[in-house]
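Reading through the structure tokens given below for one structure.
The values are calculated or read from the model by the stated rules, or taken from the named source; none is laboratory data. Everything quoted here is computed from the prediction, not taken from an experiment. Backbone-built Cβ (ideal geometry, glycine too); neighbour counts: all protein chains shown.
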Amino acid sequence: MEEIHGPLFDTCICTGEIAAVHTQKLSFEHSINAFCGCSGAIVFLLDTDQVESAEGLGGKALAVQVGGHPNDNTRANVAFIV
């Protein structure tokens, strides 16, 4: 685990993409390689090459990670939009 995610209590930046925004735009699915215990982690928009509606959001907090399916890596993680 340390080889993939770094030492315990260290900052870890995991990357991925938004896979789908839910109907009411209160949450979204993403492909960030989060693992059990990441609930509550802040999801930031680091890439500045975005659609026009996301311009100016680079480096800002977008959501809070709430979890994913522990046994099915074909299902995306979910985050609530802040």
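General observations
- If you go through the stretch 1-22 and pick out every residue that is farther than 15 Å from Ala79 by Cβ and part of a loop (DSSP other than H, G, I, E, B), you end up with 9.
- Every pair of residues 6+ apart whose Cβ atoms lie under 6 Å, when the first sits in the stretch 1-19 and is closer than 16 Å to Ile42 by Cβ while the second is in a strand (DSSP E or B) and modelled with pLDDT of 80 or more: Gly16/His30; Ile18/Phe28; Ile18/His30
- Residues in the stretch 25-54 that are modelled with pLDDT under 70 and more than 10 Å from the chain's Cα centre (by Cα): Phe35, Cys36, Gly37, Thr48, Asp49, Gln50, Val51, Glu52, Ser53, Ala54.
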